[in-house]
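What follows is calculated from the coordinates using simple rules that are stated; it is not laboratory data. What you see is a predicted model; the values in this text were computed from it and never measured. Reconstructed Cβ throughout: ideal geometry from the backbone, glycine too, with neighbour counts over all protein chains shown.
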Amino acid sequence: MNSNTFLHKLSAQIKQDFPDNMNDLVVVLPNRRAKIFLLESLKGFYSQTVFAPEIISVEELIQDISGIRAIDSIELVFEFFAVYKELHPNDAQEYDYFANWANMLLQDFNEIDRYLLNPDHVFSYLKDIEDIKHWSLDPEKRTPLIEKYLEFWRVMPLYYKELYQRLLSKKIGYQGLVYREAVAHKELFLKDLNKTFFFAGFNALNAAEEIIFQYFLGEGKAKVFWDLDQQFLHDPYHDAGLFLRKIKSKWKYYQMHPFEWIVDEFGKEKNITVIQTPKSVGQAKITGQIIDSLLEQNSGTRLDRVAVVLGEENLLLPVLHSLPDAVSSLNITMGYSGNSNPVQILLNKIFKMHLAAIKRSEKRYTLYYKEMLDVLSNPVVTQIIMGDSIAKEISSRNLTFFNMDRFQSWIDEIDFPLRKLLFSPWRGLTAVEVLQRLIEVVLEIKANLNDEEKSERLSKTFLYAAYQMLMRLVSYCEKYSFIQSFDTLYALYKQIMDMAEVSFEGEPLEGLQIMGVLESRVLDFDTVIVTSVNEGKFPAGKSQNSFIPYDVKYELGLPTYKEKDAIYSYHFYHLLLRAKNVYLLYNSQSEGMDAGEKSRFLTQLEIEHCANHHVEYITYSADLPDKAYEPIEIPKSVLLQERLREIAVGKGFSPSALANYLRNPIQFYMQRVLGIREVEEVEESVALNTLGTIIHNSLENLYKPYRGELLSVDIIKKLLSIADQEVQDQFEKEYNEEKEKKGKNLLAFEVAKRNVYHFLNQEIESLKKGDEIRLLELETKLEATIEDDRLPYPVNLFGYVDRIEQRNGVVRVIDYKSGKVESTNVRLSQWDGFALELKNDKIIQLLSYALMYGKNGITEPFEAGIYSFKNRREGFLFFGFKEGREVDCRITQETLDYFKEELVGLLLEILSVDKNFIEELK
């Protein structure tokens, strides 16, 4: 180990004071993670076999002194809830509501005890403040809400006393209680104890710790070894030395004894690289590159002397995936948040899906499609349950709310047991039974892992963490009877999920060291890479999660964000203290969800600039092209030409495909040539195209029995009488039979009915005026082959026309449009080049239908028109050629010849070898 590290100096001191054995030594460290590193360092100082000293954390020492076991925050809230219900037997809140404010109040209790404040003084102070806020109100004008609010402040000391006594009687407690009791029992603890305590590597101490440390020093039973650079100690304004300057000046012990140890390491030569890059994931990539370059420059680089310190724990997985293959081993000494554990995220989604279903309906177990898709598409289970077919059905059938019975056969498939565990209803289960089912989910996922793949080791770690959390929940449910409802269970689950951390296994003394900020205490490394050096992350920034206002905290001596920032400052500078190469990475993006401002520590480094520090500033950013966007261009390769020929002489082109090409050739290429369709998404409210389909199909089905017949007023009236039911049937067929017609869907349903109603009524008006209407065809497929010497091969054209009728002796080809079309959209004033302009897409469509209808030549002129449901006022809109003020709506053979000439020009552009598909930028 490097001879100038703190642990090396500590080992040398231990060897000096305990040359032969360390049986009477207890080493107290800020945390337990440094224990194994200290033991490794001690090996180099003892040639003979000796027993290692007892090495404990300060929390373990405090529990030993007090004789009280510290409990976790969840169990603490349960104990507080029991006290609360005893004090409010008739008007107690449910646990879900209680936990929201109880956690914050318990934090205040904890701080009051850790800093040994008189609780009665603090609570009376807070009560007086709230009384003053409302003193101006006439007591008679105080509302019940205000009275209840003030009562909360009056009863707060009672909560504290009752909870304190309850916990004390059980010999358990929160951290502050344990500290307060330890101070009271410190004399008794040391009375007959023949041990020497070495307190090493501490910085910020609470009031209780200060008293205990000083008492041990005063009794001659301890030594304290600090680790602070003289630059921070002697600078009265430097936050890194804030706490130790106070300790050095205020502790009586240091008026007669030396302050150990003050070092001079920070001012030595260092290479510091400050790297800014947008987005957090960029920092992960750069971290991998730095480590790769370290290994390339020096193949003998010891990775155990390299530390990656993550200012944001969510970066752990991106960093792991970015590490070079040369990193064969690593040690992760940090907890990974349960909120980011993919297995716990899955469990959370399962909870939400079933709880919502239970609340939604008393009779039917109705799921919401997004909640089910969240589970189906979760990467943890997607390959195990094979739910693609269900996801497709939900999308194609527009299932927003549906009963799980419709998928029962899929759920019950014997080869996929996980489906039943995930989607079987929870109604009727107890809280413990729900947890047992979730445990089975975790075990089934584990059973499907491939043990031979290294990547599955990480998955097992996440599964084990989730399993532990669920077992912990089961024990709580069995111990505390009030956990009955699913809401309470879910609230508790979210609390534990927020607290739970995934612990990783590794060989601490080998490989790359990856850790959080707090885990870096006491340890020193040659190369340090620190990520997320941004305000709000490093330091963490202001947070006021307390009932005690800032000014009161300041007056009473409780820590505020000022002290918390100073703690971060110490950790930051300690990371740099003995390092030779330092890389500081931060997110430079100042907008968006992942935005950040560079940390004040970086600015401080720049301002304080030490002569021996070689600081380099680097910016990593994406390459910016000369142009913001280059249109996509697809050349007409031999393969593409063959595909176009296959389409042209096979199925052919439809009028909508031609319009698609005019709109955007690349869209035509993607959809018509490659056959790539947009992902179908569930329509929560009826989309316009779906509405159009409902109207089209309704009219087709209504008129179908009368194909080939002369229409009459009686026939149309008969259609009117059954139109509502037909629209209803089509709505359920096209949209979803389980969909309730509420809100937007009800409006869409009524719009569809009204459109059909108005169309039929216009038909009646026409018949009453004397029109003779014979219905020839409905939803008919028309086809034609375009042959021309200029085309490389004959091209087929096809399309489906909604209606062909003969009105007063004239044939009319009709297309329905649910969107708005006006007469100007179907008027043409010149033929030359019109087929190459998108604005003429409606004309191209109508004349394509006309060309296909008259493919064998025509003897009588006919008409082709559109009926726009959003422009009923103008009725049928027929294609017309405009000459001067006159508009000729007749389609003759000459009209078809003109159009064919223009259509060939459009087809030539599509099929031409020399004309690439180029994206049309809007």
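Below, the figures for the structure above:
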{"item": "Förster radius 22 Å - calculated FRET efficiency between residue 298 and residue 40, Cβ distance, rounded to 0.05", "result": "0.45"}
{"item": "Model label zone, residue 785; criterion: amide N under 20 Å from point 7 Å along Cα-to-beta-carbon; scope segment 831-861", "result": "848-858"}
{"item": "Which of 879, 570, 46, positive extreme of dipole for the chain (C-beta unit charges)", "result": "570"}
{"item": "Ranked packing of 74-80, 846-852, most packed first, by mean Cβ within 10 Å", "result": "846-852, 74-80"}
{"item": "Loop trypsin sites (Lys or Arg not before Pro), segment 466-549 (other Cβ atoms within 10 Å of the site Cβ: 13 or fewer; DSSP)", "result": "542"}
{"item": "Residue 24 versus residue 646: modelled label distance in nm, points set 7 Å from Cα along the beta carbon direction", "result": "9.1"}
{"item": "Estimated 222 nm signal from helices in the chain, with DSSP H stretches of n ≥ 4 weighted -39500 (n - 2.57), rounded to 500", "result": "-15000 deg cm²/dmol"}
{"item": "Residues whose placed amide H lies under 5 Å from that of residue 815, excluding near-sequence neighbours", "result": "865, 866, 867"}
{"item": "Loop-resident sites, segment 183-241, for GluC sites (Glu not before Pro), counting at most 15 other Cβ within 10 Å (DSSP)", "result": "219"}
{"item": "Phi to ³J(HN,Hα) by Karplus 6.51 cos²θ - 1.76 cosθ + 1.60 over segment 540-552, Hz, x for Gly, Pro", "result": "6, x, 6, 8, 10, 9, 7, 7, 8, x, 4, 5, 5"}
{"item": "Restricting segment 826-898 to GluC sites (Glu not before Pro) in coil, as DSSP defines it, with at most 13 other Cβ within 10 Å", "result": "837"}
{"item": "Dipole in debye (nearest 20) - the chain, about Cα centre, beta carbon charges: Lys, Arg +1; Asp, Glu -1", "result": "1260"}
{"item": "Mean separation of Cα contacts under 8 Å, 6 or more apart, over the residue count of segment 72-169: relative contact order %", "result": "38"}
{"item": "Rounded to 10°, Cα long-axis angle of helix 207-218 versus longest principal axis of the chain", "result": "30"}
{"item": "Point-to-point label distance, residue 839-residue 254, nm (Cα→Cβ direction, 7 Å offset)", "result": "8.3"}
{"item": "Share, in percent, of DSSP beta bridges within the chain that are antiparallel, nearest 5", "result": "35"}
{"item": "From the coordinates shown, Cα Rg over 2.2 N^0.38 Å corresponds to which of (1) 1.13; (2) 0.99; (3) 1.33", "result": "(3)"}
{"item": "Estimated distance in nm for a label pair at residue 611 and residue 893, the labels positioned 7 Å out from Cα along Cα-to-Cβ", "result": "10.4"}
{"item": "Tilt relative to the chain, helix 713-734 - C-alpha long axis, 0 to 90 degrees, to 10", "result": "30"}
{"item": "DSSP-defined antiparallel bridges as percent of all bridges, segment 803-922, nearest 5", "result": "60"}
{"item": "Whole-Hz ³J(HN,Hα) from phi, Karplus 6.51 cos²θ - 1.76 cosθ + 1.60, for segment 228-234, glycine and proline x", "result": "9, 7, 4, 4, 7, 6, 8"}
{"item": "Prolate/oblate/rounded label for segment 340-502 (Cα gyration tensor, a/c 1.5)", "result": "oblate"}
{"item": "Long-range HN-HN contacts of residue 260 with modeled amide H, under 5 Å", "result": "226"}
{"item": "Using a Förster distance of 41 Å, the FRET efficiency for residue 859-residue 720 (Cβ separation, nearest 0.05)", "result": "0.65"}
{"item": "Derived scalar couplings ³J(HN,Hα) [segment 258-267; Karplus, 6.51 cos²θ - 1.76 cosθ + 1.60; whole Hz; x for Gly, Pro]", "result": "x, 8, 10, 10, 9, 10, 10, 10, 5, x"}
{"item": "Cα-based shape type of segment 72-169, given that a ≥ b ≥ c are square roots of the gyration tensor eigenvalues and the cut on a/c is 1.5", "result": "oblate"}
{"item": "Estimated dipole of segment 72-169 in Debye, rounded to 20 [Cβ of Lys and Arg +1, of Asp and Glu -1, Cα centre]", "result": "180"}
